[in-house]
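Peer 1: My structure is below; once you've seen it, I'll send some questions.
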């Protein structure tokens with residue numbers, strides 16, 4: 001699949017995700033793009049967000065950790081990971097991740113808008 005189609009799939013996934021109308025379809029599209037572009041931290045971020053909305057906490061946390069591996073300054077990924085850890089009952093992980101989020105935020109770093 002060429003780059004243009006990947007971009008279209010990603011954009012359509014964003015639309016479904018933002019509308020909240022079809023998270024399953026958004027998930028399928030994000031998986032499709034992530035398989036073909038495994039280094040894209042943005043698609044991994046939205047993959048994790050969508051997995052979280054579908055109650056797939058472990059998968060969401062794995063996606064956010066991958067975003068952090070790819071872009072260690074992405075404060076949105078730290079915040080999303082902290083939320084997922086808290087929902088999963090990992091309070092120690094939540095506190096540690098939230099501390100990192102706070103440190104990066106106070107340093108003026110930004111995440112996904």
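Peer 1: State yes or no: is residue 84 surrounded by fewer than 16 Cβ atoms within 10 Å (Cβ to Cβ) and either modelled with pLDDT under 95 or assigned to a helix (DSSP H, G or I) (or both)?
Peer 2: Details: surrounded by fewer than 16 Cβ atoms within 10 Å (Cβ to Cβ): no; either modelled with pLDDT under 95 or assigned to a helix (DSSP H, G or I) (or both): yes.
No; evaluated as a whole, the condition is false for this residue.
Peer 1: Can you spot a residue in region 60-74 that is out of contact with any helix residue (DSSP H, G or I) (no Cβ under 7 Å at 6 or more places or on another chain), without any contact (Cβ under 8 Å) to a residue 60 or more places away in the chain and at positive phi?
Peer 2: Restricting attention to region 60-74, the residues satisfying the condition of being out of contact with any helix residue (DSSP H, G or I) (no Cβ under 7 Å at 6 or more places or on another chain) are 62, 69, 72.
Still in the list and also without any contact (Cβ under 8 Å) to a residue 60 or more places away in the chain: 62, 69, 72.
If we keep only those that are at positive phi too, we end up with none.
No, the conditions are met nowhere in region 60-74.
Peer 1: Scan 21, 105, 59 and give me the residue that is part of a helix (DSSP H, G or I), at pLDDT below 95 and surrounded by fewer than 20 Cβ atoms within 10 Å (Cβ to Cβ). Please lay out each step first, then the result.
Peer 2: Working: 21 fails: part of a helix (DSSP H, G or I); 59 fails: at pLDDT below 95.
Only one candidate passes the filter, namely 105.
The values are calculated or read from the model by the stated rules, or taken from the named source; none is laboratory data. These numbers come from a predicted model, not from an experiment. Note: ideal-geometry Cβ built from the backbone for every residue, glycine included; neighbour counts use all protein chains shown.
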